[in-house]
Structure formats: C-alpha cells, structure tokens
Amino acid sequence: MATVRTSLDTAASAEDVWSVIRDIGAVHTRLAPGFVTDTKLEPGARVVTFVNGMVIREPIVTIDDEARRLVWSAEGGRTTHYNGALEVSAKPDGGATVVWTADFLPDDLKPQLSAALEAGTRAMQRSLDALAK
C-alpha cells in the first residue's frame, strides 16, 4: 500500500482551522475552493467534485473533535482502496499545522495522487491563511 503525506503551517488558530475542516459539506467553499468545485452531503458520506471533473463518494469514517482528526475513505475514481486523514495540531507559537495522509492501492497511482494532494494542500493553504487575516 502506498502512502502520500503533505503538510502545511498557517497562522490561523487550530480551533479556526478545525472548524473549517470538520465542516465536511463545505470543502468547495471553505477548505479547498479551486481544487474542489462542489460537495454534497449524503447520510454518512459526502460526494466531492474536483476541478478536473472527477466525482468521488467519500464515506466519513470519523470526525474526532478532541484529536482534531477527520478520516474518510473513497469510492469511485482509480483507487481500489483509499483512506484519507486530515489532522490539525496547534503550534506552540500560535497558528496550526495540518497533515494530510492518504493510504491507497494500487501503488502505481502514487505520482498522480502525490500531485493531487500537493494541489489540494496549496488550495487549503490559501483558504486557511485567509482565516488569520
């Protein structure tokens, strides 16, 4: 199983960042506009449309407010298995760090998923940095 991990640091507070991430129906407006163009909620899942037109159903595994951790899987697309997690931690000097981890099969999708996670992380960086202003 392949793993891709990205991270970002922002001056926005961990509480504000977590508020955006845990709002699972607003990925396209609050967290990663420009990377995600639409998000629809279904019982236990969200359906995400990406800028490239791909539509993925993402069952929500957990929203852990205490750990500030969101975990989801994915149905559709090119993976046969996908597990994603976003974790928010407070920085000692203020601000927050966000780590996005994706575990998936098949392994040979790593270059494409690495590029996708990097693009998504850049979109999140813009949105989360705007919270600090």
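Quick note: the coordinates plus some simple rules give every number you see, no bench work behind them. Fair warning: this is a prediction, and the values are worked out from it, not measured in the lab. Glycine gets a Cβ as well: all are built from the backbone with ideal geometry, and neighbour counts include every protein chain shown.
Points worth noting:
- The length gained on full extension between Val71 and Lys133, counted as 0.36 nm times the residue separation minus their Cα-Cα distance, comes to 19.5 nm.
- Whole-Hz ³J(HN,Hα) from phi, Karplus 6.51 cos²θ - 1.76 cosθ + 1.60, for the stretch 88-93, glycine and proline x: 10, 10, 6, 8, x, 8
- Total charge dipole magnitude, the chain, about the Cα centre, Cβ charges on Lys, Arg, Asp, Glu only, Debye to nearest 20: 300 debye
- Close amide H contacts of Ala45 (hydrogens built in the peptide plane, cut-off under 5 Å, sequence separation of 5 or more or a different chain): Ile60.
- ³J(HN,Hα), Karplus 6.51/-1.76/1.60, whole Hz, each residue of the stretch 55-61, x for Gly, Pro: 10, 10, 8, 10, x, 8, 8
- Note on Gln112/Ser7: beta-carbon distance plugged into 1/(1 + (r/R0)^6) with R0 of 22 Å gives a FRET efficiency of 0.65.
- Backbone geometry of the stretch 38-47 corresponds, through the Karplus equation with coefficients 6.51, -1.76 and 1.60 at θ = phi - 60°, to 3J(HN,Hα) couplings of 7, 9, 10, 8, 10, x, x, 7, 10, 10 Hz, x marking Gly and Pro.
- Taking 0.36 nm per residue of sequence separation and removing the Cα-Cα distance, the Thr49/Val99 pair yields an extension gain of 15.8 nm.
- Grouping the Cα pair distances of the chain into 5 Å bins from zero gives a pair-distance distribution of 2, 11, 20, 26, 22, 12, 5, 1, 0 percent in increasing distance order.
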